Amino acid sequence: MMIILSVFIGMSSSLQAENGKKVFETYCWGCHHQTAVAFGPSFTEIASKRSAEEIQGMITDPAAVSSVFGYRRNAMPAFKLTKEELEAITQYILSYKPKVFSEEKQ
Ligand code: HEC
């Protein structure tokens with residue numbers, strides 16, 4: 001039973017990583033790159049300073065959240081993603097959290 005369970009968990013988390021990458025390539029890639037600054041900030045930078053809630057807020061309502069984040073303009077369009085896509089892209093972004101930053105916070 002334990003073996004079946006852990007295989008299942010392993011599969012679902014790699015499936016989520018796969019989905020996160022797909023969402024990224026479909027909607028975000030034109031303006032964000034994983035580790036390099038593009039039109040918008042890199043996922044490394046975002047992951048180092050934002051929580052999952054903040055990231056999801058920005059994706060669903062950038063007009064409101066970008067001003068909370070201190071941006072003087074809002075250049076990012078709002079996205080209507082499914083709950084699964086939103087969760088997957090959030091985990092995908094957070095997977096780029098740099099190690100030194102996460103250690104500093106603890
Ligand atoms: C048309 C270009 C564009 C697209 C497409 C885009 N973004 Fe952005 N994004 C930006 C810009 C530019 C900013 C910086 C804030 C601003 O100027 O609005 C930003 C900011 C953000 C932030 C907040 C950055 C911070 O300070 O923490 C997050 C999170 C984010 N984007 C995630 C995403 C995700 C996820 C997608 C795909 C679903 C996406 N963006 C698609 C342009 C874009």
Kirkwood Rh (inverse of mean 1/r, distinct Cα pairs), segment 24-99, angstrom = 12.4 Å
Grab the Cα-Cα distance for Ser13 and Thr26, subtract it from 0.36 nm times how many residues apart they are, and report the gain in nm with one decimal.
-> 2.7 nm
Determine the gain in length on full extension of the stretch Ser95-Val68; use 0.36 nm per residue of separation and subtract their C-alpha separation, reporting nm with one decimal.
-> 7.4 nm
Calculate one ³J(HN,Hα) per residue across segment 68-75 by plugging θ = phi - 60° into the Karplus curve 6.51 cos²θ - 1.76 cosθ + 1.60, and present them in order as whole Hz with x for glycine and proline.
-> 4, 6, x, 7, 7, 10, 10, 9
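Each reported figure results from applying straightforward, stated rules to the coordinates on display, with no laboratory input. In this text, all values refer to a predicted model and were calculated from it rather than measured experimentally.
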